[in-house]
Structure formats: C-alpha cells, structure tokens
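**Student:** The structure under discussion is supplied below as structure tokens; questions concerning it will follow.
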Amino acid sequence: MFAMVSIPPGGVPLRELLGDPELRLGRESIDDGDLDRIVVAAAVSELAEPGGWLQGGELLLTVGFLLSADVDGLTRYARHLRAHGVVALGVGLGSDLPHRSTPPALVTAARRAGLPLLSVPDGVPFIAVTKAVFAHRDAAERARLQWALRTQRALTAAAVSPGGIEAVLAAHAGATGRTGVVVDLLGRVLAAAPVEGAVELAAGLATTIGEVRGQGLLGAAVEVADGRRREVHPLGSRRIRALLLIDGPAAGPHSNQVTGDLVSLLSLELERRLGLDAAARRGRARLLAALDRGVVDDDGAGRRLAAAGLPETRLRAAVVAAPRPEELAADLAAVLPDALVRTTAPEPGEADGTVELAVAESVDLVAVLAALAARRPAGIGIAVRPGALAVSLRQARSALPVARLTGRPAHADDVASSRMLLALLDHDRLRAFADAVLGPLDADPRGPELLRAIAAHLEHNGHWAAAASALGVHRHTVRNRIAAAEQVTGRRLDTAQDRHELWLALRARDLGRAVGGPGRGDRTEGAG
C-alpha cells in the first residue's frame, strides 16, 4: 500500500514556488486560496498588454518599465493579465530597477483584479525563477511516474495472489483512495473495495452502465458532478464480461495513469475464470441434453443436478435465437451461475442458431433476456419439476416461431391462448372462415340480435339465466333467439363441434375487427 501523492498534471502549485528558499519570493497580495493555483510556465514581458504572447497558466515576471503609475491604469493591466489566463504576477525589485519595493498602487490594483502578486527580490534573476518552475515540474512528473510504477507493481502482485479480483480492487483503493466496483452485465455487484456503498454506486450508475454495455469494449464513460468523479469501463478481451466502476473526489489526485492497468488486470482475471469454468459449462450442457431426452424420475434428475453442483428446484426453459449463440451462451452462463446452457447450430436455411437454457423458477428470465438479448426472439416454457424439463424445453421451442413474428419473448402460456393462435393466421383467411360460418346470420334481418344471443350463450357456458341477464332480456327470449339461430345456420349449440365452430368464428371476427377494421358483413358489433 502506498500513500497518495497530490501532484498536479503539467504544473506546480504556487505555494511550492513561494516556499522555495533559493527564490525568496515575497508574498505581496496572495490569498490562501490562491496558493493552490497551478503554474505551468514562467514568462518575462515588459509589454503593457502582453496577452497576445501568452497561452495561459503563466507566472508573468516584469520589472515594470512601462507600467502605469496610477491605480486605475495598473488595475486595467492586472485585469488584462487575468483575462489571458495569467496565474500570478511577479514584480522584480532591485536598486538599479524601477522599483526597490513593491509599489502600493500595484498591490491595490492586483487586489482589485483578483490577481496574485508576488515580488522577486534583488539578486534573484528572472531566469532563476523560470528554471525553478521547470525544475519543480520535472520533479512532480518524476514523482507521478514513480507513484504509477509502484502502484502498477502493487496491482500486478495482487493479481497473481489468491485474492483475485477482490485483491486487485483492494490494492487500487489503497493506492488511490478511490472506490472500485466490478459489476456483471446485469449491473449486479461481483466485487468491490471498499465494500461500503458499492450497491448504491452501481444503482446510481445503472443508466450509464447500460449505455457503456451497449457500446461494447470500445465504450467508456466519465461523469463529474457534485464534486465526484465517476467512471465506467468495460472489462473483457474479445467481448464484455463485466464492467468496472470507479468513484472518487473530482478534485485531487486521480488514478488515470493506472486505470488502464487496472482494466487489463481485471479483464485477464475474468477471462481466466471463464476458462476455468469451461469444463463445468460443458458438463451442464450435457446434463441439459440428457434431461431433454424425455420425462424422467425426479430423484434421478435431482441426483444429476446435485452432481453438477446445482440445487434441486423447479426449472423453466427458454430458447433464444442468436447470430452468435456461443457468445450469448457465455454471457448467460456468467450472469446465471446456476443455469444449464447449451447452443445449437442454425437449421438449414436459418441464419441464427439458438441458445437453450434452464433456470430456477425464481429467475426473472424476461429481465435477463431484455438486458443480454434485447430484440432477439425467445420462447419461454412453463416452470416444471426437474424430471419434466423436457416438457418446458419443448414448449420453449414451440413458442420461438411466435416470438419471431411478434418481436418479443413468447411464453407458453401466451401461445396457449386461442387469440394468439388466431393472430398467427392470415387475416383474409380468418375473415373467410368467419364469413363462411356466420354468413347465414349476416344475411338474416335478425342477424345482429341472433349473433349477440349466440355470443352470450357461449360466453356463459349455456346457462340461460346468465345469458339473459347479460343481454338484458328474459331467458325465454334467449331460448327463442338461439332456436332461430340454429334454424338459420343449420348448426346446433348442444353439439360440441357446431358450438366450437361458432365460438371460433366469433373470436376470429372480433380479432379481424381489432387489427383490420370493419369488413364484409360486419353487422355484429357488440356480439362478441
């Protein structure tokens, strides 16, 4: 562990120059808050308006040959220097120079302009001040490089220790005083140093984490607000495996010089872990294939799960289409350590392969897929006992074509809906079927009220009183309308096939009206 070094990049604090015993600079008009101003260079000029020759950040030195003698003129001069980025003004004093002591008018002018004023005593040439500025800069740069080298060695030593990611983050925190947090692709904390506040930091940067994750390994972000500097960096070699969050004060030393080393070491550790887990993932893929062969005894399935180091719990399967299934499988395995995951090659004529997985019923699969496989078709089966995982997998595969059409994950429960089944059919064919079944009623003058009677009768499972109440008529009226409808259509509602076809035709017409607007023979509004 090394102490932090407060070294400004590319300059030297004014206080260090004032404290240099060889320069003996006088503090004529300098507030305590000005002592931390950074001087990047020393320049000498006797011009009344030297701003055009300056770049900002200078300690400007002058003996005052051409300076005004009145306060107002000197104030304009001091404000001109401030406007061009001059950090401080140094006036040279000497027996053979215009001033043996600092003119009170210049002190007043400097105070008015808010420009730090110091004096260079007799016997100290301006070149000595210039050399001192660059000497302090060189010393600061050497100190920064030495600190960075020590810190890099400390991070490397931590990386090869048994502590892994946690040890590297602890070494970084000790050297920089900044918090380091590694989160997975879902934004969950994997490791942190210090641990306090890690979850809150990840939650506060959730939006930024999502944006960086979407940019891939070339993405990164830095946020400076409320006196804090927060960074997000992707970790991984060929694709993002996790993300690094760094948090610390916006002012003061930063670990920018070692951030690249930190990212590299953490990426290597993550890839190393991924390689070590490869055998376990292959074993779980084989287990998934074995459970997919058919319904098996729960005790046998439980023993297989336990042998793979997994808990025996109800499982839910999902199948996701992906252009690079191996990469998606690795991501899913990383964020779902208890999942069974395997990949399949593309079918003939298909561009995408698939990733098949089984996870505990408690896992929010929709949220996981939204984060890692956004806009990718996915079928999701029901939760089942371990021995019946083949059933959930079969459902997930059957739901995948529906997901391709709808553009969102399709659950087996959704596919089981008659409305979903009808929605997969061509609208013209649906309308043709509805017109064929309901056409005789459309042609009858009593058609609308007969259709409403049929719909109410079917909806209330043949209960006359309930259907009559829904229509607001007497039950004998419902009986009479149903009898008339049976006579017109030639179908009987006490026959399962006729009842089913009438119900299906009414649902098809309702769906066609919802997605395509009114069509031919559409006289049945309110019938469904």
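Every number here is computed from the coordinates shown, using simple stated rules; none is lab data. A quick note: this is a predicted structure, and the numbers were derived from the prediction, not measured. Note that we place each Cβ from the backbone using ideal geometry, even for glycine, and neighbour counts take in every protein chain shown.
**Student:** Relative to the present Cα-Cα distance, how much length would full extension add between Ala250 and Ala465 at 0.36 nm per residue of separation?
**Tutor:** 69.9 nm
**Student:** Right, here's the next one. Taking the Cα centre as origin and putting +1 on Lys and Arg beta-carbons and -1 on Asp and Glu beta-carbons, what dipole magnitude results for the chain, to the nearest 20 debye?
**Tutor:** Taking the Cα centre of the chain as origin, the dipole is about 1360 debye.
**Student:** What does the helix-only formula give at 222 nm for the chain: each DSSP H stretch with n ≥ 4 adding -39500 (n - 2.57), the total divided by the residues, and the result rounded to the nearest 500 deg cm²/dmol?
**Tutor:** The helix contribution divided over the chain gives -15500 deg cm²/dmol.
**Student:** Which trypsin sites (Lys or Arg not before Pro) from segment 72-155 combine a DSSP loop assignment with at most 16 other Cβ atoms within 10 Å?
**Tutor:** Arg100
**Student:** DSSP beta bridges in the chain, what fraction antiparallel, as a percent rounded to 5?
**Tutor:** Bridges in the chain are about 75 percent antiparallel.
**Student:** Find how much the distance from Ala308 to Asn480 grows on full extension, using 0.36 nm per residue of separation minus their present alpha carbon separation; answer in nm with one decimal.
**Tutor:** Gain on stretching Ala308 to Asn480: 55.3 nm.
**Student:** Only bridges whose two residues both fall in segment 12-135 count here: according to DSSP, what percent of them are antiparallel, nearest 5?
**Tutor:** Counting DSSP beta bridges with both partners in segment 12-135, the antiparallel share is about 30 percent.
**Student:** Of [x] 25.0; [y] 30.6; [z] 32.3, which is the value of Kirkwood radius over Cα pairs in Å derived from the coordinates here?
**Tutor:** For Kirkwood radius over Cα pairs in Å, the calculated option is [y].
**Student:** Rounded, prolate or oblate: which one fits segment 12-135, using the alpha carbon gyration tensor with axes a ≥ b ≥ c (rounded when a/c is under 1.5, else prolate when a/b beats b/c, else oblate)?
**Tutor:** Verdict is rounded for segment 12-135.
**Student:** So what's the gap between the Cα centers of segment 189-216 and segment 169-183, to the nearest angstrom?
**Tutor:** So the two Cα centres are separated by 13 Å.
**Student:** Given a cut-off of under 8 Å on Cα pairs at least six residues apart, what relative contact order in percent is computed for the chain?
**Tutor:** 9
**Student:** Now for a separate question. Measuring from centroid to centroid over Cα atoms, what is the spacing of segment 103-118 and segment 67-99 in Å?
**Tutor:** Cα centroid of segment 103-118 versus Cα centroid of segment 67-99: 8 Å apart.
**Student:** With a cap of 14 neighbouring Cβ atoms within 10 Å, and only residues DSSP puts in a loop, list the trypsin sites (Lys or Arg not before Pro) found in segment 256-308.
**Tutor:** Of the trypsin sites (Lys or Arg not before Pro), the ones in loops of segment 256-308 whose Cβ has at most 14 other Cβ atoms within 10 Å are Arg293.
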